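The values are calculated or read from the model by the stated rules, or taken from the named source; none is laboratory data. Fair warning: this is a prediction, and the values are worked out from it, not measured in the lab. Every residue, glycine among them, receives a Cβ derived from its backbone with ideal geometry; neighbour counts consider all protein chains shown. Protein only, heavy atoms only, side chains kept; ligands, DNA and RNA dropped before computing areas. Shrake-Rupley method; radii C 1.70, N 1.55, O 1.52, S 1.80 Å.
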Amino acid sequence: MRKHRLRLVVAVAAVLVAAGAGTASPAQAHDTQSTLADLAERHGRYFGSATDNPELTDTAYTAVLGSEFDMITPGNGMKWYASEPEPGVFDWSAGDEIADLARRDHQRLRAHTLVWHNQLPGWLTDREWTADELRAVLKRHILTEVRHYRGKVYSWDVVNEAFNEDGTYRETLWYKTLGPGYIADALRWAHQADPHAKLYLNDYNIEAVGPKSDAYYRLAQDLRAQGVPLHGIGLQAHLALQYGYPATLEDNLRRFSRLGLDTALTEVDVRMPLPADAEKLAEQADWYRDLTAACLAVRRCVGITVWDWTDKYSWIPAFFPGEGAALPWDEEFRPKPAYAAIRQAFGER
Ligand code: 9MR
């Protein structure tokens, strides 16, 4: 679309200026091309990126973020520790900054996340709760946060990472205190607060068919049968070359579609043992091509989000020492083979 192309030209110019480049740079190769968002749109999909508040002062970064993608996700800004740091005291500053950016750049917002076991404020984790107390706390949190962003959000990751690898429920504060019913409750409260937002369950290691994705499949079936407002399953897709490609991804997406649910690849990255080399980057490119093609092959796979777009701001090196290079652009914002491979999957030569 013209809108995206224009913004990309601006973005490329900004990258060049920031890099102090007077001559050709790898980013320049794309100034006449359509963006990933344009290409995805042609297939009725979106192409998104996560972003995080500290990076937003980097103008060369925000230029690409604002042009190449039509969906953004706050990597941290809407999590509980940020949005309700004290009981009943809400702080929207981080989340609003990203919602405002999305509006400025004509992007939609995948909001993330309401109920998780990580990044909870101390006041929630440092004491015991009765079921009644915790239920009230959870309800207030969901109603207040979802109402605050009502009308600005395409989808919410309502519950994040609820299952263990073997398909049993993860023993979180929520599960231990409230039992498995907390998931249906959370979905109902979120729906009450914003009836237009698509409501997702989201997890990692559920790309392939297996015990963990089976657990989601059964839960989704149950929730749909009970009329609980669940609209989609988010497959995070934090992949790693050393663990192999999830070959049943497409079949897995398709079985959720058949339940009447949307699916999305919500946090894609493909990490590798460092240092990166041409061979690993080529394999990574194949994986990005294949996962994009898998989403395009399944009608209700609505889009793909990378967990930030440049290796400069990837979460991987801090969490997996010795691994990295997981995203389609390198630390200097140069597109990697993965970037071309995604374009190819969308049908660009
Ligand atoms: O990208 C997030 C990173 O900045 C945080 O430090 C980390 C804390 O756990 O969470 C990261 O995002 C996670 C996401 O919210 C849920 N799926 C896994 C992501 C990577 O850890």
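Per-structure values
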| item | result |
| --- | --- |
| Qualifying residue in the stretch 69-81 (condition: open to solvent by 20 Å² or more (accessible area, probe 1.4 Å) and away from the ligand (no atom under 16 Å from the Cβ)) | no |
| Residues being β-branched (Val, Ile, Thr) and either surrounded by fewer than 21 Cβ atoms within 10 Å (Cβ to Cβ) or within 16 Å of the ligand (Cβ to nearest atom) (or both) - total across the stretch 254-297 | 3 |
| Test: residue in the stretch 138-146 that is within 16 Å of the ligand (Cβ to nearest atom), surrounded by fewer than 17 Cβ atoms within 10 Å (Cβ to Cβ), more than 20 Å from the chain's Cα centre (by Cα) and assigned to a helix (DSSP H, G or I) | no |
| Restricting the stretch 320-332 to residues that are of a type in the set (Gly, Ala, Ser) and surrounded by fewer than 23 Cβ atoms within 10 Å (Cβ to Cβ), the residue that is farthest from Trp287 (Cα to Cα) | Gly322 |
| Positions within the stretch 298-308 being within 16 Å of the ligand (Cβ to nearest atom) and open to solvent by less than 10 Å² (accessible area, probe 1.4 Å), in sequence order | Ile304, Thr305, Val306, Asp308 |
| Residue that is surrounded by the most Cβ atoms within 10 Å (Cβ to Cβ), among those in the stretch 105-114 that are more than 12 Å from the ligand (Cβ to nearest atom) and more than 12 Å from the chain's Cα centre (by Cα) | Gln107 |
| Failed item in (1) in contact with a Lys or Arg (Cβ under 9 Å, 6 or more places away or on another chain); (2) open to solvent by less than 10 Å² (accessible area, probe 1.4 Å), with Asn202 passing the rest | (1) |
| Filtered residues of the stretch 56-80 (kept if closer than 30 Å to Leu173 by Cβ and part of a helix (DSSP H, G or I)) | Trp80 |
| Conditions (1) free of Cβ contacts under 8 Å to residues at least 12 places away in the same chain; (2) within 18 Å of the chain's Cα centre (by Cα); number of the one not met by Thr73 | (1) |
| Unmet requirement for Ala27, which otherwise passes all of (1) at pLDDT 95 or above; (2) buried (at least 20 other Cβ atoms within 10 Å of the Cβ) | (1) |
| Qualifying residue in the stretch 275-288 (condition: small (Gly, Ala, Ser) and over 28 Å from Thr62 (Cβ atoms)) | yes |
| Condition broken by Ser213, with the remaining ones in (1) in a loop (DSSP other than H, G, I, E, B); (2) open to solvent by less than 20 Å² (accessible area, probe 1.4 Å); (3) more than 23 Å from Leu109 (Cα to Cα) satisfied | (1) |
| Listing of helices (runs of 4 or more DSSP H) fully contained in the stretch 269-349 that carry 1 or more residues being over 22 Å from Arg42 (Cα atoms) and of a type in the set (Lys, Arg) | 278-297 |
| Candidates Ala63, Ala50, Ala37, filtered to the one that is open to solvent by 10 Å² or more (accessible area, probe 1.4 Å) and in contact (Cβ under 8 Å) with a residue 24 or more places away in the chain | Ala63 |
| Filter pass, Leu120 being in a loop (DSSP other than H, G, I, E, B) and touching a Phe, Trp or Tyr at 6+ places or on another chain (Cβ under 7 Å) | yes |
| Those residues of the stretch 155-175 which are aromatic (Phe, Trp, Tyr) and open to solvent by 40 Å² or more (accessible area, probe 1.4 Å), in sequence order | Tyr169, Tyr175 |
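Results for (1) modelled with pLDDT under 95; (2) open to solvent by 20 Å² or more (accessible area, probe 1.4 Å); (3) within 25 Å of Ala294 (Cβ to Cβ), shown as yes or no for each residue.
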residue: Thr310; (1), (2), (3): no, no, yes
residue: Tyr313; (1), (2), (3): no, yes, no
residue: Ala318; (1), (2), (3): no, yes, no
residue: Arg334; (1), (2), (3): no, yes, no
residue: Gln344; (1), (2), (3): no, yes, yes
